[in-house]
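Enquirer: Below you will find the structure I want to go over with you.
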Amino acid sequence: MAFVIVWGVIGAIGLGLEGNGLSAEAWKQLIVSGVAQGSMYGLLALGYSMVYGVLGFINFAHGEVFMVGAMVGFFAADALFRAGLWESSFILSILIVMVVAILTSTFTAVLIEKIAYRPLRNAPRLIPLITSIGISFFIQNAVQLLVGPAVKTYPAPPSWLSDPVDILGFKIPGTTLLVLVLALVSMVGLWLFVERSTTGRAMRAVAEDKEIAALMGINVDRVIVMTFAVGGSMAGVAAILWAMLFRGVSALTGFLPGIKAFTAAVLGGIGNIVGAMVGGVLLGIFEALGPNIVLRGLSWQIPVAFAVVLLVAGVSVVLAGRTAKRKGLVVIGAASVLMSLVGFSGFTIVIPGLSQLKDVVAFTALILVLIFKPSGLFGEQLGKEDRA
Amino acid sequence: MTDTLARPESSESPTSDPVDWQRVQKWGALGGLTMAFIAAIGAVTVLDKRPIISPWLSLGFLALLWVPVAFSSIAAASRNADGSDIPANGDRALISGLVAGLLSGLFFALFIVIIDTFDLTEILVNLNPKLVDLLTLDRGLAAASMLWILGSGLLGLVGGAFKVIPGPARRMVAYAATGVLMMALLESIVIDISQGLRIEFVSDWIYALNGGLTTLSAAVIAAIFGVLGFLSDDRTLSQRRQDRINLDPEVRRRKNVIAIAVTVLAVVFFPMIVGGLTNELLANVGLFVLMGLGLNIVVGSAGLLDLGYVAFFAVGAYTTAVLTSPLSPFWTPELTLNFLGWEGWLIMGIVLLMAAIAGILVGTPVIRLRGDYLAIVTLGFGEIVRVLFLSDWLAP
């Protein structure tokens, strides 16, 4: 992680010096949109994290739960828009749409659990994983066939909401502000639910150890259904946030946010609820800034930054004094020398279509986290049988 | 509604082995919902253009009609305490099948009435008037609904009967149904092969002018496959496999040699006699077999769930395109995919090398990850490759 951060920081400084970066205003915009998207990822990540914590497998269909919520929410919004309610009382209609989306997502998540995962409760851990991929494809294609492949666009929010508000020098559009508030409220609500309520305690107990929880008189099946329901309702909220940020929904909407939310969950430490939220926001920021910092005009400062980071890594390896890693040090040293040579030779690559590479940055982050720090930033919280 | 159907039936069958009404209701309702789902995804409308038995059965209707048979058959089975299915006996299976079928039909008729009454095309694009016309069979809503309920009950009865008839008869029915379906679905392949073998008169006789089997040929095919089914033995596939393993090693080796020889001969000579369509199909089959073999090494032999395996396929395809496309900066007129000269083999070597390098690059760091993390890392890698290759940056 330190690697990536230092790389980013040095890249940013280099860009500032070069003057080919974006203006300060643009950076602020990127940060705001990154946080907003990130809080959506955070809400989705909660679903992955909770299911992983309790059942120990990645529920790939969670992205589709989110998509179904957004899709049904669209039809509600569309009906309200036609009835004229959307314009006249926006807050009421967005509440109605939100309730519809949350109910749909919750219902879908619980149904998936009942049909697909319950029969596999005692199967090897990869079996439900593969099942969830199948469910994900099934829902994607079924929705595409049911409602058609066209992208459905939510009606635009009224103008008083989309005007930017000035907070601490950040110009934040009203919809983004609403997104942030909604995300914060649901996250705090969920945290209170899991930490304070009896059901939340039961959930944590089941995540820790199913057998002992059952012996203590907890109905494990009911708790698992509750986990899916809570994860599904968070996906419903995320669906509304998505609708406000991007407005477009299609059957394929769920896949990428789903994987990125899983990335966020891993980033924060899977099974860890606070970690999922923070991981989501971090991923959102990283994704918004990443392509611009890391890849915009890959000129001399990037290889130099690379070389510096590699040198730092090498020095820290030496200081750590692990003889087993000496061999790695040779590789790192050679790489840093090579990088500096490349850097000062004035070698420049310009990458067109930068924003297309946003997903590449997110996935690279996922892979780096999984390889170098698989327990995430805040540590995993898994039951005994899931710790590998 | 289920109660009014269920109660009189249960009083009429005072056997010691009562009907499991809960199971019948569940599977009957599920059958109806499945039929509605199949109609709502547009399968009926689209597949109606494809005749199975010309002119009275299209693939679209078949997509609906198998549901009451299959679901009623499930409803007619009953369960032991340990959850395994036990064979049903006589009346009970028939009654269960019939009621489950009627229930499915009832649900589906209700669905037809709903889509006829309300215009839902704004939300569910396939529930259009065309579908209603198809499903009401030009007989008016009331008559069509009755027809669906009764027909579905009848098919349910068939499904229930399937559970009670003796083994050879069941095999005959299964073979006949599969045979007819296969012959109808593989129509263009069968025509292609029979043209290649210069026996067009066979396919001319089997298929109607506007596609699909004729009623007569369907009956003949059903009879032929039924006899085959009667002659077949009732060992399962795994039993057969076990028998093969139990063979004397010498005999097994000889059998393997014969099988390989036949396969090689078929691979060499079969494409010569069949037409372009079948060859294209066979090429695709070979492609997927090759990919499956590769995936089997990673997932099957090594036990690593690699969800981004297809990325290596993409790497190979991309490398081929970069080397041979006239739009690519690396293009040279000499380097073509000519497998009769050295060029094609050179390209293949480079492509193999690139895909192998990609495999090593991805594999080395992730190999120590635990199962599901490995799956997600490889999935992420697959996505990275896809996004990169589609981006402007790497466009040749």
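The values are calculated or read from the model by the stated rules, or taken from the named source; none is laboratory data. In this text, all values refer to a predicted model and were calculated from it rather than measured experimentally. Positions of Cβ are generated from backbone atoms using ideal geometry, with glycine treated the same way; all protein chains shown enter the neighbour counts.
Enquirer: Give the residues of the range B:345-378 that are facing another protein chain (nearest Cβ under 7 Å) and within 14 Å of A:ILE259 (Cβ to Cβ), sorted by residue number.
Expert: Taking the range B:345-378 first, the residues facing another protein chain (nearest Cβ under 7 Å) are B:365-366, B:369-373, B:375-377.
The answer is B:ASP372, B:TYR373, B:ALA375, B:ILE376, B:VAL377.
Enquirer: Could you look through the range A:47-60, keep only residues that are in contact with a Gly (Cβ under 9 Å, 6 or more places away or on another chain) and within 14 Å of another protein chain (Cβ to nearest Cβ), and pick out the one that is surrounded by the fewest Cβ atoms within 10 Å (Cβ to Cβ)?
Expert: The first filter runs over the range A:47-60 and keeps only residues in contact with a Gly (Cβ under 9 Å, 6 or more places away or on another chain), leaving A:47-54, A:56, A:59-60.
With within 14 Å of another protein chain (Cβ to nearest Cβ) added as a condition, the list becomes A:48-49, A:51-53, A:56, A:59-60.
On the way: A:TYR48: 27, A:SER49: 33, A:VAL51: 30, A:TYR52: 24, A:GLY53: 26, A:GLY56: 21, A:ASN59: 30, A:PHE60: 27.
Checking each candidate, the answer is A:GLY56.
Enquirer: Restricting attention to the range B:186-201, which residues are among the hydrophobic types (A, V, I, L, M, F, W, C) and either surrounded by 15 or more Cβ atoms within 10 Å (Cβ to Cβ) or in contact (Cβ under 8 Å) with a residue 12 or more places away in the chain (or both)? Even if it seems obvious, please write down each step before you answer.
Expert: We begin by selecting, within the range B:186-201, every residue among the hydrophobic types (A, V, I, L, M, F, W, C); these are B:186, B:189-191, B:193, B:197, B:199, B:201.
Passing the criteria: B:ILE189, B:VAL190, B:ILE191, B:ILE193, B:LEU197.
Enquirer: Taking only the range A:145-179 into account, find how many residues are within 24 Å of A:VAL72 (Cβ to Cβ), in contact with a Leu (Cβ under 9 Å, 6 or more places away or on another chain) and away from chain B (no Cβ under 14 Å).
Expert: Final tally of qualifying residues: 7.
Enquirer: Still on this structure, please answer the following. Scan the range A:36-46 and tell me whether some residue there is in contact (Cβ under 8 Å) with a residue 24 or more places away in the chain and within 14 Å of another protein chain (Cβ to nearest Cβ).
Expert: To start, the set of residues in the range A:36-46 that are in contact (Cβ under 8 Å) with a residue 24 or more places away in the chain comprises A:36-46.
Still in the list and also within 14 Å of another protein chain (Cβ to nearest Cβ): A:45.
There is at least one residue in the range A:36-46 that is in contact (Cβ under 8 Å) with a residue 24 or more places away in the chain and within 14 Å of another protein chain (Cβ to nearest Cβ).
Enquirer: Does B:VAL298 meet the test of being within 14 Å of another protein chain (Cβ to nearest Cβ), closer than 30 Å to A:ASN59 by Cβ, in a helix (DSSP H, G or I) and among the β-branched types (Val, Ile, Thr)? Before the answer, list the steps.
Expert: On the way: within 14 Å of another protein chain (Cβ to nearest Cβ): yes; closer than 30 Å to A:ASN59 by Cβ: yes; in a helix (DSSP H, G or I): yes; among the β-branched types (Val, Ile, Thr): yes.
Here the answer is yes, as B:VAL298 does meet what is asked.
Enquirer: Additional query: List the pairs whose first member sits in the range B:354-365 and is β-branched (Val, Ile, Thr), whose second member is surrounded by 13 or more Cβ atoms within 10 Å (Cβ to Cβ), and whose Cβ atoms are under 6 Å apart, counting only residues at least 6 apart or on separate chains?
Expert: B:VAL362/B:PHE381
Enquirer: Could you check how many residues of the range B:242-258 are acidic (Asp, Glu) and surrounded by 10 or more Cβ atoms within 10 Å (Cβ to Cβ)? Even if it seems obvious, please write down each step before you answer.
Expert: Residues of the range B:242-258 acidic (Asp, Glu): B:243, B:248, B:250.
Applying the additional criterion that residues be surrounded by 10 or more Cβ atoms within 10 Å (Cβ to Cβ) yields B:243.
Matching residues across the range B:242-258 total 1.
Enquirer: If I ask for residues that are out of contact with any helix residue (DSSP H, G or I) (no Cβ under 7 Å at 6 or more places or on another chain) and under 22 Å from A:MET71 (Cα atoms), which ones from the range B:115-138 would you list? It would help to see each step written out before you state the result.
Expert: To start, the set of residues in the range B:115-138 that are out of contact with any helix residue (DSSP H, G or I) (no Cβ under 7 Å at 6 or more places or on another chain) comprises B:117-122, B:128-129, B:133, B:138.
Residues satisfying the conditions are B:PHE118, B:ASP119, B:LEU120, B:THR121, B:GLU122, B:ASN128.
Enquirer: Which of the residues spanning the range B:34-47 are surrounded by fewer than 17 Cβ atoms within 10 Å (Cβ to Cβ) and in contact (Cβ under 8 Å) with a residue 12 or more places away in the chain? Step through it out loud before you land on a result.
Expert: Taking the range B:34-47 first, the residues surrounded by fewer than 17 Cβ atoms within 10 Å (Cβ to Cβ) are B:37, B:46.
Result: B:VAL46, single match.
Enquirer: What's the total number of residues in the range A:112-134 that are of a type in the set (A, V, I, L, M, F, W, C) and more than 10 Å from chain B (Cβ to nearest Cβ)? Let's see the steps before the verdict.
Expert: Within the range A:112-134, the subset of a type in the set (A, V, I, L, M, F, W, C) is A:112, A:115-116, A:120, A:123, A:126-127, A:129-130, A:133.
In the following step, the residues that additionally are more than 10 Å from chain B (Cβ to nearest Cβ) were identified as A:112, A:115-116, A:120, A:123, A:127.
So the answer is 6.
Enquirer: Farther than 21 Å from A:ILE240 by Cα, of a type in the set (Gly, Ala, Ser) and modelled with pLDDT under 90: which single residue out of A:ALA123, A:ALA156, A:ALA142 fits that description? Full working, then the answer.
Expert: Working: A:ALA156 fails: farther than 21 Å from A:ILE240 by Cα; A:ALA142 fails: modelled with pLDDT under 90.
Among A:ALA123, A:ALA156, A:ALA142, only A:ALA123 is farther than 21 Å from A:ILE240 by Cα, of a type in the set (Gly, Ala, Ser) and modelled with pLDDT under 90.
Enquirer: Given the residues A:VAL274, A:VAL278, A:VAL237, A:VAL249, which is the only one that is surrounded by fewer than 19 Cβ atoms within 10 Å (Cβ to Cβ) and within 18 Å of A:ALA36 (Cα to Cα)? So that I can check it myself, show each step before the final result.
Expert: Numbers: A:VAL278 fails: surrounded by fewer than 19 Cβ atoms within 10 Å (Cβ to Cβ); A:VAL237 fails: surrounded by fewer than 19 Cβ atoms within 10 Å (Cβ to Cβ); A:VAL249 fails: surrounded by fewer than 19 Cβ atoms within 10 Å (Cβ to Cβ).
After ruling out the rest, the residue left standing is A:VAL274.
Enquirer: Next up: For the structure I just gave you, tell me whether B:GLY212 is among the small types (Gly, Ala, Ser) and under 18 Å from B:LEU281 (Cβ atoms). Step through it out loud before you land on a result.
Expert: Values: among the small types (Gly, Ala, Ser): yes; under 18 Å from B:LEU281 (Cβ atoms): no.
Answer is no for this residue.
Enquirer: Output the residues belonging to the range A:352-382 that are over 14 Å from A:ALA288 (Cα atoms), at pLDDT below 70 and among the polar types (S, T, N, Q).
Expert: Within the range A:352-382, A:GLN381 is the sole residue that qualifies.
Enquirer: Do any helices (runs of 4 or more DSSP H) entirely within the range A:185-282 hold 1 or more residues that are within 14 Å of another protein chain (Cβ to nearest Cβ), and if so, which? Don't jump to the end; show me each part of the working.
Expert: Details: elements: A:198-208, A:210-215, A:220-245, A:255-268.
Where helices (runs of 4 or more DSSP H) fall fully within the range A:185-282 and carry at least 1 residues being within 14 Å of another protein chain (Cβ to nearest Cβ), they are A:255-268.
Enquirer: Given B:VAL315, B:VAL385, which one is touching a residue at least 24 places away in the same chain (Cβ under 8 Å), more than 9 Å from chain A (Cβ to nearest Cβ), surrounded by 13 or more Cβ atoms within 10 Å (Cβ to Cβ) and farther than 24 Å from A:PRO374 by Cα? If you could, list the steps in order and put the result at the bottom.
Expert: Details: B:VAL385 fails: farther than 24 Å from A:PRO374 by Cα.
One residue alone meets the criteria, B:VAL315.
Enquirer: To continue, here is another question. Does any residue in the range B:220-233 that is touching a residue at least 12 places away in the same chain (Cβ under 8 Å) and under 19 Å from B:ILE53 (Cβ atoms) come within less than 6 Å, Cβ to Cβ, of a residue that is surrounded by 13 or more Cβ atoms within 10 Å (Cβ to Cβ) and β-branched (Val, Ile, Thr) six or more places away or on a different chain, and which pairs are these?
Expert: Here the result reads B:ILE221/B:VAL180; B:ALA222/B:VAL180, each pair linking the range B:220-233 to a residue that is surrounded by 13 or more Cβ atoms within 10 Å (Cβ to Cβ) and β-branched (Val, Ile, Thr).
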